[in-house]
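Here's the structure, in structure tokens; my notes come after.
The values are calculated or read from the model by the stated rules, or taken from the named source; none is laboratory data. None of these values were measured; they are calculated from a predicted model. Positions of Cβ are backbone-derived with ideal geometry, glycine not excepted, and every protein chain shown enters the neighbour counts. Please note that ligands, DNA and RNA were not included when accessible areas were found on the heavy atoms of the full protein model with its side chains. Shrake-Rupley method; radii C 1.70, N 1.55, O 1.52, S 1.80 Å.
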Amino acid sequence: MIQYKITGPILKDMVLTAAVFLDNNKSALDALNVFPVPDGDTGTNMSLTMMSAAKEVKAVSTVTVTSVANALSIGALKGARGNSGVILSQIFRGFAKGLEGEIESIEADKFAKAMELGSEAAYKAVMKPKEGTILTVAREMARAAREQAAAGGNMLHLIDGVLEQGEETLARTPEMLPILKEAGVVDAGGKGLLTIYRGFKMALDGEEVTAESLELSPEPKKEAPGKIAEGLQYTYCTEFFIKNVFEYVSLSDLDKFRDKLMRIGDCVLVVGDLQLIKVHVHTNMPGKVLQIALRLGELSGLKIDNMREQHNELSFEFEQESGPVEMKEMAVVAVAAGKGIQAILKDAGTDAIVEGGQTMNPSAEDIAKAVSAAPSNTVFILPNNKNIILAAESAADLTDKKLFVVPSKSIPQGISALLAFHPDYSAEENFERMKKAAVTVKTGQVTRAIRTTKVNGYDIKEGDYIGIFDGDIVCSGEDIESIPLALLNKIVKPDDCVISVFYGEDIPEDKASKFEKTVRGTFPDCDVELHYGGQPVYYYLFSVE
């Protein structure tokens with residue numbers, strides 16, 4: 001049998017082709033996400049991670065198997081976003097480890113070994129691995145690769161066998177995870193990995209998607225040294241409504257509009273129906289966004305903010321005119337979105353803010369840049385979102401500083417952890433205090449569903465308001481007036497004494513004040529604190545202690 005071999009240039013073409021193919025299919029992967037909350041969806045996060053890897057691979061000058069594999073690993077780690085992106089970066093990290101040394105080409109046995117090491121690395125990166133996820137698909141695909149290699153198959157047979165096993169395993173993921181079965185979907189991360197391997201096969205088969213068609217995002221504009229704005233890829237936060245939608249516009253046109261925005265920006269939100277559409281996007285080309293939107297209807301409520309200016313106002317500048325800021329024993333970096341939330345964190349002692357959160361999952365490199373700029377060699381990170389924790393942990397591989405990642409899953413948890421920090425305690429003592437403080441607070445969130453799905457026994461319709469208690473949907477409905485109070489009634493218990501309300505960017509101050517009075521009347525035994533959070537996505541955030 002002919003032993004088909006993969007050389008450095010072929011491996012490079014495989015990576016670049018897979019990046020294009022994944023990017024072309026990211027919207028379909030996003031649609032598989034079970035939870036209806038707008039977030040950094042799996043397809044988008046995996047695509048951004050893969051694009052970062054492709055960018056690194058494309059820049060390789062001496063193209064060998066090892067140099068391409070190492071670039072793939074490093075690029076994926078730098079760009080890792082969300083849990084799915086971090087897991088993907090670890091798969092590639094193990095994969096690269098299997099191709100270390102002076103390797104001129106890869107045959108089936110070597111490729112199978114690299115896949116096995118990739119699966120092992122991914123499992124080790126997750127504290128509590130769940131079956132029925134990308135991890136399961138990666139492991140079973142690696143097993144199929146080993147079987148093909150052991151049977152004497154060449155690389156072409158191996159890829160075919162891997163794809164066949166991947167499809168079979170993916171089809172079984174709903175049986176492993178009840179939440180997938182309830183929603184009637186397969187695992188999005190597993191589907192994303194399978195999409196990448198389909199891209200590998202396309203390159204090997206000489207199909208049309210090629211490296212030359214890869215469009216990489218432009219480099220972000222560099223700001224003054226020491227500013228966290230350096231991590232911002234897009235400058236303008238662009239928001240508006242589309243009303244009086246033209247008669248010829250269909251729902252599929254909205255999907256195409258969303259896809260176009262994703263190509264020229266991130267943090268894309270296109271919600272509503274054919275009567276009224278809300279649009280949110282971070283981009284360097286707001287004019288082009290408006291031009292495309294005008295094809296759908298009339299624009300209203302237009303708001304374009306320069307995030308670099310906002311970022312520099314809110315973030316600490318570590319390089320002052322008088323010279324470098326004084327170093328501290330310990331520093332704190334927090335991930336947050338919303339002027340009010342960022343100001344609260346800053347006032348409570350945060351040394352640097354990384355712009356991000358729901359819909360805006362920062363990469364490991366974004367977090368590492370903030371860590372590098374922080375005025376200490378010992379840095380605590382508050383991710384404040386469960387989908388950012390793994391990226392924060394991955395940042396440790398991109399800096400020489402000592403990191404402590406406090407696993408805060410929400411802004412209230414992050415604030416509670418920050419208040420437990422004390423400079424007189426050791427780093428280890430503070431780490432324990434902050435972790436304990438984070439889990440003592442109860443978190444409530446009110447947002448709007450971006451997709452129709454069934455989860456936790458609730459039939460959620462796109463556009464419904466939903467109340468989330470510590471990560472689980474506990475109420476839903478069509479009325480924004482009733483859901484916040486219904487959520488608090490689910491959270492507040494007789495022994496609770498403090499309710500903190502953070503109102504978001506879409507809630508007027510007078511409406512928030514009126515709601516505060518309602519909360520005080522409903523829970524007279526609790527102290528009620530009202531704060532302007534200015535956060536996107538969530539109409540209200542609640543902290544209950």
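Quick look at the values:
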item	result
Ranked by how many other beta carbons lie within 10 Å on average, peptides 298-306, 275-283, 398-406 from highest	275-283, 398-406, 298-306
Under 5 Å, built H, 5+ apart or other chain: amide partners of residue 463	449, 450, 451
Amide H partners (placed H, <5 Å) of residue 455, local residues excluded	460
Rounded accessible area of residue 443 (nearest 10 Å², 1.4 Å probe)	10 Å²
Helix axis angle, 427-440 relative to the chain longest principal axis, alpha carbon, degrees	70 degrees
Karplus 3J(HN,Hα) series, Hz, for the stretch 136-149 with 6.51 cos²θ - 1.76 cosθ + 1.60 (x for Gly, Pro)	5, 5, 4, 5, 6, 5, 5, 5, 5, 4, 4, 5, 5, 5
Heavy atoms of residue 474 accessible to a 1.4 Å probe, total area in Å² rounded to 10	30 Å²
Burial ranking of peptide ranges 75-84, 411-420 (average Cβ count within 10 Å, highest at the top)	75-84, 411-420
Vicinal HN-Hα couplings computed from phi for the stretch 196-201 (Karplus, 6.51 cos²θ - 1.76 cosθ + 1.60; Hz; Gly/Pro x)	4, 5, 5, x, 4, 5
Nearby lysines by direct alpha-carbon distance to residue 201 (threshold 26 angstrom, same-chain neighbours under 8 apart not counted)	5, 12, 26, 55, 58, 78, 97, 110, 113, 191
Three-way shape call for the stretch 392-482 based on the alpha-carbon gyration tensor, with the a/c threshold at 1.5	prolate
DSSP bridge orientation in the stretch 497-545 - percent antiparallel, rounded to nearest 5	45 percent
Antiparallel DSSP beta bridges within the chain, percent to nearest 5	75 percent
Pairwise centroid distance, computed over Cα atoms, of the stretch 62-140 with the stretch 286-307, Å	40 Å
Reach of residue 243 by Cα under 16 Å, taken over lysines that are not fewer than 8 positions away in the same chain	278, 303
Prolate/oblate/rounded call for the chain, Cα gyration tensor, a/c under 1.5 rounded	prolate
Sulfur and carbon atoms: percent of accessible area, the chain [1.4 Å]	51 percent
Where labels lie 7 Å past Cα in the beta-carbon direction, separation of residue 461 and residue 506 in nm	1.7 nm
Using a Förster distance of 30 Å, the FRET efficiency for residue 154-residue 28 (Cβ separation, nearest 0.05)	0.45
The stretch 406-523 - accessible surface per residue (Å², probe 1.4 Å)	47 Å²
Spin-label model distance (nm) - residue 61 vs residue 490, 7 Å beyond Cα toward Cβ	5.7 nm
Order by protection proxy (mean Cβ within 10 Å, highest first), peptides 363-373, 336-346	363-373, 336-346
Sequence-distant residues sharing a close amide H with residue 475 (under 5 Å, placed H)	467
Difference of contour (0.36 nm per residue) and Cα-Cα distance, residue 481 to residue 397	25.7 nm
Solvent accessible area, Å² - residue 207, 1.4 Å probe, full protein context	90 Å²
The stretch 331-343 - phi-based ³J(HN,Hα) in whole Hz, Karplus 6.51/-1.76/1.60, Gly and Pro as x	10, 10, 10, 10, 9, 6, 10, x, 4, x, 4, 5, 5
Degrees separating the helix 8-24 axis from the principal Cα axis of the chain, which is the longest one	40 degrees
With Cα atoms, 0 to 90° folded angle of helix 82-97 axis to the chain main axis	30 degrees
Global geometry of the stretch 41-158, whether rounded, prolate or oblate, following the gyration tensor of its Cα atoms and the 1.5 cut on a/c	oblate
Efficiency of FRET between residue 256 and residue 276 - r from beta-carbon atoms, R0 25 angstrom, step 0.05	0.85
In range of the label at residue 329: residues from the stretch 422-457 whose backbone nitrogen is under 17 Å from the point 7 Å along Cα→Cβ	422-434
